[in-house]
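A.B. asks: Input: one structure, supplied below.
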Amino acid sequence: MSHADFPLLSLLIFFPILGALSLYLTPKPHLAKKIALAIASLELLLTGLAFGLFNNLDGAHFQLTEQYAWIPSLHINYYVGIDGISVLFLPATAFLTLSAIMTSWNAIQSLQRFHFALILLLEGISIGVLSALDTLLFFVFWELTLPPLFFLIGVWGIGPKRRSAAMKYTLFMLFGGVPLLFAILLLAMNHATTVQGLLPKDLCFNLLILLETPVSDHLQLIVFSLFLLGFAAKAPLVPFHTWLPTASMEGPAQITALLMGLKLGLYGILRFALPLAPSAAVEYSWALGILGGITLIYAALIALQQTNLRRLLAYASISHVGLVLIGIASLTAQGIQGALFQLFNFSLISSSLMLIAGFIQQRLGSTEVLHLGGLAKVVPRLTSFYFLFVIASIGLPGTSGFPAELLLIIGALTAHNSLGFTALAGSVLSAAYLLSFTRKAFLGPILQKSLHTLHDLRPREVALLCLPALFVLILGCAPNLLLNVSQVASEAWLTHLMEPPASDPNEIVQFSQP
Amino acid sequence: MDNLVILIPALPFIAALLIGAGTLTGLLRGEASENTTSLIATWAISMSCLLTLTLLGADLLNKNAGQFSVGTWLSSDTFTIDINFITHGFSVRLAALFSLLLMIIQRFSINYMHREVGFHRFFFILSLFSSAMLLLVLSGNAIETFFGWEIAGLCSYLLILYNYQRPVAALNATRVFITNRVGDTGFILGISFSYAWANNANWLNLQSVADQLSTGEATGIALCFALAAFSKSAQIPFTPWLSKAMEGPTPSSAVFYGAVMIHAGVYLICLLEPIFEKAPLALAALIVIGTLTALYGYLTGLTQTDVKSSLVFATSAQLGLMFLECGLGFWQFAQWHLCAHAIVRTYLFLSAPSLMHQVKDNPIQPAPAVLIKQHWLYTASLQRFWLDQITDWMLVRPLRRLAHDLSYFDDKVVDHLMGIPAPAINTISSLAELEERLLTQPVEQSNHQFGQSNGVVGQLISAFANLMHWIEDRFVLRGIGKDAINLGRKLGQQANKFELYVLRPRYLVLFILITLLLAF
């Protein structure tokens, strides 16, 4: 293959990062956003190219891999690649970034260059997180997502407590980082002891090798819990979720859309937490399911009580995380594929809803239900898009939410009836909280005079929402387009979990020659 | 002839897409475009109707294969869902009848909705609904039926919302949709159980494997689908949604709750006849619920004073009878009943507006003779047996309260446990500010806490920091008396002298040399 040697993934990671740096060299701020838009569009095309080059039938193996030594003495490599699980996240990330840039077009008036540079930086780093195959490289990218988000929330936030929200977010993420690093180090040391090698020389951070290294049961439990704790803060799972509602209220809407769309925490659980501790994952999948169920119902019930659209969406997003976790915990092919499908859906649906909330915020200065009411009359186009995304979020047939939710529920029911019932209860509740908010905010008579002068969606905003809307409808009618991509990978993922890796120490890669 | 079946739901769907796109882009707007919209909608449904009639003719001449498969819609591991249609029997007959009724109602609405604000919206929803309904009856598997089922439900929501500026319409629509959503969980459960136990959700396959299912499995599947059917066909305890749904324009009430959608539940039960036959408990459920609803509909209908409400309760009662017939095993009879009822009810609903127009203001009617002697029954009938209030009291309100409590818990407990950064206004930005704050505080309360904390982790850290501070304060700092200060001064003087020596150029050069030597 001719494209095998071309470092496409590195390009995807470093192109936006370099682009961010180049924004500083542009003399005029208004030029900066055009450059940022060009870079983000090109990046989207490149991720599309990566998606096109990706071979679905060989989705179980990592493709487009690149490996360079980074810290040779510790065997830490710059090692990136994608498989059927991560490939879909790349275009989603690029798309989210593009829409964040387009939404910020007029909304951001201060420090424009810095703002667009940070968004691009975040994009590059996120793609790094998604494609890293070296645990330490992953960790570095993981922690690097923090600074851009800290500034994006803290500087351009729309709430009065934006600084505090940024600080809260950072503290939560830092808290999550510690157990992650611990788990990564434990696994590396375990590899060294398993091959009976020298400690500094035989440390291993290569994900592919670590996947084959047997881990003793009690260590697996420790590693699994540490990973889970680390990713729970980012996902977010109850009770580590409190940063998301705060961030959604204080942060700028487009950045919250990015935060909600990019489910890096769940990706981490899928990529690291379960496969690296397979027997613990299988044994304690019930705990994962319970955690998912609690998150699903708890957040859905709280969402029923919300009077602010942005806060409601934050809780809805947490509730959906619970649903996805139930799917993962079911450990069935349908559950995993449904989870991946639903994750892709999130990137489209919840971020689009958040963007719409941002549009309302920009026009009215509030998304509180008290200031809304009867929006459908004044902004019919906005309402149409909002409603489409709401029914997709509820999981109505014809939208992409339905096949994902169906797979998740069937997976959950196969694993355990009570998980399935919880998921079904969640689907009723999601209709309840979203539609009752819709009723209060979009339907009924217009009570506020200020609403009469509200401007409907502008062509730029329509264009921005059309793409996800189209995807939602197309995937709703032809879900196999997406399922084919993850089919092989999720089956391999399950097989790996169900059949523990080789226990023969001689088969494991050893760096030091005894 | 079988492949015609794809076009039947597709044509109205295309019409809906065209009208929807036209409305959204502003091409179809106002009275001027009414002709275009109605032309698109009418053509689509008429062609569909012709096609279903052709299909029916072919079926009657035994020229159909019985089913038609298009391909795979979704596949995951061993779980696959096909796109297939039934082209034989009751499904086709019902499709023919429904498409005919849909066509008539659509023609009626063109005049009825003339110059209404939401004319285009109405025809968009009606076309989408026609498509969904035809898909529902013609589809060959449970998931495709569910597709039609849900989209029909969505259309019903949208049409109840037709006057969305009225708070009652909005409230009712939401309530109706969520009530139906509860029934939908039964449908999904039924689909899942069918896959788990019969390995299939194709209607024809389900019918043929019914014999191999154990009684328990058959009962499980049957009860789940029965739950869905009860909610869609407004049986007890879901009945109240039907009267709430009357907010929509009359043609939509006719098409949804008189002619077509309301019968979906009975149709579903009829499809699953072999499975129900295997499950006596499910049959008993049909009998009980059907009888109760028939009685309820009759008694409540007696006290209704407006034409639409009485039609609604009559519909509920008739549907209850159909369920009863199914439960008793008169399947053929129930099917005939369904068709006849659909035709009659369409006529009644469509003539209701002119009836109201002729009668002018509902005349006061005497209380029905049956109820005059039974006061409690009369009250119960007027109150519609408090069904709404009971669901409110049993489900909605506890859920709301739970949500309220949890929300409080989340804000006041979880958030505080997890910690929120102290608001910026409380933190101290300079040492001068700290000094000032300490000075203004009473002496005994003066604490040297610089940082502020909350949350479990934060509290722990601050407790530890306080402890260290205390040790530093009490042992390290206060342990040194005045002598120590003098000693320190002396030491400082010595150090100064030393430094003066060191800073002389020769020593400096020497040091640099030594350093360079050590380095190489």
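Read-outs throughout are calculated quantities, based only on the coordinates presented, and are distinct from any laboratory measurement. Since this is a predicted model, take the numbers as computed values, not measurements. Neighbour counts run over all protein chains shown; Cβ positions are idealised from the backbone, glycine included.
A.B. asks: So if each residue of separation counts as 0.36 nm, and I subtract the Cα-Cα distance between residue B:3 and residue B:433, what length gain in nm does that give?
C.D. replies: My answer for the length gained is 146.5 nm.
A.B. asks: Can you give me the long-range amide H partners of residue B:83? Hydrogens built in the peptide plane at 1.01 Å from N, cutoff under 5 Å, separation of 5 or more residues or another chain.
C.D. replies: When sequence neighbours closer than 5 places are left aside, the close amide H contacts are B:70, B:71, B:72, B:73.
A.B. asks: Let me ask another. Any idea how far the Cα center of segment A:283-340 sits from the one of segment B:122-197, in Å?
C.D. replies: Answer, in whole Å: 24.
A.B. asks: Read phi for every residue in segment A:63-80 and hand back ³J(HN,Hα) as whole Hz from Karplus 6.51 cos²θ - 1.76 cosθ + 1.60, θ = phi - 60°, with x for Gly and Pro.
C.D. replies: 10, 6, 6, 9, 9, 10, 5, 10, 10, x, 5, 10, 6, 9, 10, 8, 10, 10
A.B. asks: Okay, moving on. Could you please state, rounded to a whole Å, how far the C-alpha centre of segment A:341-382 is from the C-alpha centre of segment A:428-448?
C.D. replies: 12
A.B. asks: State to the nearest 20 debye the size of the charge dipole of the protein assembly as shown about its Cα centre, where the only charges are +1 on K and R beta carbons and -1 on D and E beta carbons.
C.D. replies: Value, rounded to 20: 3320 debye.
A.B. asks: To the nearest whole number, what is the average tally of beta carbon atoms from other chains within 10 Å of the beta carbons of peptide B:164-174?
C.D. replies: 6
A.B. asks: Something else about it: Students often check this: by mean Cβ neighbours within 10 Å, which of B:46-53, A:196-203 ranks highest, and how do the rest follow?
C.D. replies: In decreasing order of mean packing, B:46-53, A:196-203 become B:46-53, A:196-203.
A.B. asks: Averaged across B:176-182, how many Cβ atoms of other chains sit within 10 Å of each residue's Cβ atom?
C.D. replies: Counting Cβ atoms of other protein chains within 10 Å of each residue's Cβ and averaging gives 4.
A.B. asks: Here is a follow-up. Answer with one residue from A:364, B:242, B:307: the one whose Cα lies farthest towards the positive end of the charge dipole of the protein assembly as shown, charges on Cβ with Lys, Arg +1 and Asp, Glu -1.
C.D. replies: A:364
A.B. asks: Hey, what did segment B:261-357 get for relative contact order, percent, Cα under 8 Å, at least 6 apart?
C.D. replies: Relative contact order here is 32 percent.
A.B. asks: Could you tell me how many degrees, from 0 to 90 and to the nearest 10, lie between the Cα long axis of helix B:280-302 and the main elongation axis, the longest principal axis, of the Cα atoms of chain B?
C.D. replies: 80
A.B. asks: Which FRET efficiency value, to the nearest 0.05, is calculated for residue B:50 and residue B:344 with the Förster distance at 25 angstrom and r the Cβ-Cβ distance?
C.D. replies: That gives a FRET efficiency of 0.55.
A.B. asks: Give me the distance in nm between label points sitting 7 Å out from Cα along the Cα-to-Cβ direction at residue A:106 and residue A:24, one decimal.
C.D. replies: Rounded to a tenth, the inter-label distance reads 3.1 nm.
A.B. asks: Which FRET efficiency value, to the nearest 0.05, is calculated for residue A:452 and residue B:405 with the Förster distance at 60 angstrom and r the Cβ-Cβ distance?
C.D. replies: 0.95
A.B. asks: Measure off 7 Å from each Cα along the Cα-to-Cβ vector at residue A:61 and residue B:75, then give the distance between these two points in nanometres to one decimal.
C.D. replies: Here the modelled spin labels are 2.3 nm apart.
A.B. asks: Further question: How do the peptides B:199-207, A:80-88 rank, highest first, by the average count of neighbouring beta carbon atoms within 10 Å per residue?
C.D. replies: Ranked from most to least packed, the peptides come out as A:80-88, B:199-207.
A.B. asks: Something else about it: Using a 10 Å cut-off around each Cβ of peptide A:198-209, what is the average number of partner chain Cβ atoms that fall inside?
C.D. replies: Per-residue shielding by partner chains comes out at 0.
A.B. asks: Next question. With the cut-off at 1.5 for a/c, could you classify segment B:10-61 from its C-alpha gyration tensor as rounded, prolate or oblate?
C.D. replies: Prolate, because a/c is 1.5 or more and a/b exceeds b/c.
A.B. asks: Rounded to the nearest 500, what is chain A's calculated 222 nm mean residue ellipticity when only DSSP H runs of at least 4 contribute -39500 (n - 2.57) each, over all residues?
C.D. replies: Dividing the helical sum by the residues of chain A leaves -23000 deg cm²/dmol.
A.B. asks: Over segment A:265-418, calculate the relative contact order: mean separation of alpha carbon pairs under 8 Å at least 6 apart, over the residue count, as a percent.
C.D. replies: Here the relative contact order equals 26 percent.
A.B. asks: ³J(HN,Hα) across segment A:465-476 via Karplus (A = 6.51, B = -1.76, C = 1.60, θ = phi - 60°), whole Hz, x for Gly/Pro?
C.D. replies: Values per residue, Gly and Pro as x: 8, 4, 4, x, 4, 4, 4, 4, 6, 5, 5, x Hz.
A.B. asks: What list of ³J(HN,Hα) couplings, whole Hz, do you get for segment B:93-98 from phi and the Karplus terms 6.51, -1.76, 1.60, once you set θ to phi - 60° and write x for glycine and proline?
C.D. replies: 4, 5, 4, 4, 4, 4
A.B. asks: Please sort B:490-497, A:234-241 by packing, taking for each peptide the average over its residues of neighbouring beta carbons within 10 angstrom, highest first.
C.D. replies: Most protected by this proxy first, the peptides run A:234-241, B:490-497.
A.B. asks: Quote the FRET efficiency, to the nearest 0.05, computed for residue B:336 versus residue B:281 with a Förster distance R0 of 22 Å and r equal to the Cβ-Cβ distance.
C.D. replies: For residue B:336 and residue B:281, the calculated efficiency is 0.25.
A.B. asks: What nm value, rounded to one decimal, do you get for the distance between residue A:474 and residue A:174 when each label is placed 7 Å out toward the C-beta?
C.D. replies: Simple spin-label model gives 4.4 nm for this pair.
A.B. asks: Rounded, prolate or oblate, given the Cα gyration tensor of segment B:1-138, with a/c below 1.5 counting as rounded?
C.D. replies: It is oblate, given that a/c is not under 1.5 and a/b is not larger than b/c.
A.B. asks: Which value, in debye to the nearest 20, gives the size of the charge dipole of segment A:284-502 about its Cα centre, when Lys and Arg are +1 and Asp and Glu are -1 at the Cβ?
C.D. replies: Value, rounded to 20: 920 debye.
A.B. asks: Shifting gears a bit: Considering lysine pairs in chain A that are 8 or more places apart or on different chains, how many have Cα atoms under 18 Å apart?
C.D. replies: For chain A, the number of qualifying lysine pairs is 5.
A.B. asks: Taking +1 at the Cβ of each Lys and Arg and -1 at the Cβ of each Asp and Glu, which of A:459, A:480, A:287 sits farthest along the dipole of segment A:284-502 towards its positive end, judged by Cα position relative to the Cα centre?
C.D. replies: Going by the Cα projections, it comes out as A:459.
A.B. asks: Using the Cα centre of segment B:57-204 as origin and beta-carbon charges of +1 (Lys, Arg) and -1 (Asp, Glu), tell me which of B:84, B:97, B:64 is placed farthest towards the positive end of the dipole.
C.D. replies: B:97
A.B. asks: Could you tell me the relative contact order of chain A? Use alpha-carbon pairs under 8 Å, at least six residues apart, and round to a whole percent.
C.D. replies: 16
A.B. asks: By how many nm would the segment from residue A:463 to residue A:211 grow when fully extended, if each residue of separation counts as 0.36 nm and the alpha-carbon distance is taken off?
C.D. replies: Separation in residues times 0.36 nm, less the Cα-Cα distance, equals 86.4 nm.
A.B. asks: Using only Cα atoms, locate the centre of segment A:130-178 and the centre of segment B:55-112, then give the distance between them in Å, rounded to an integer.
C.D. replies: 53
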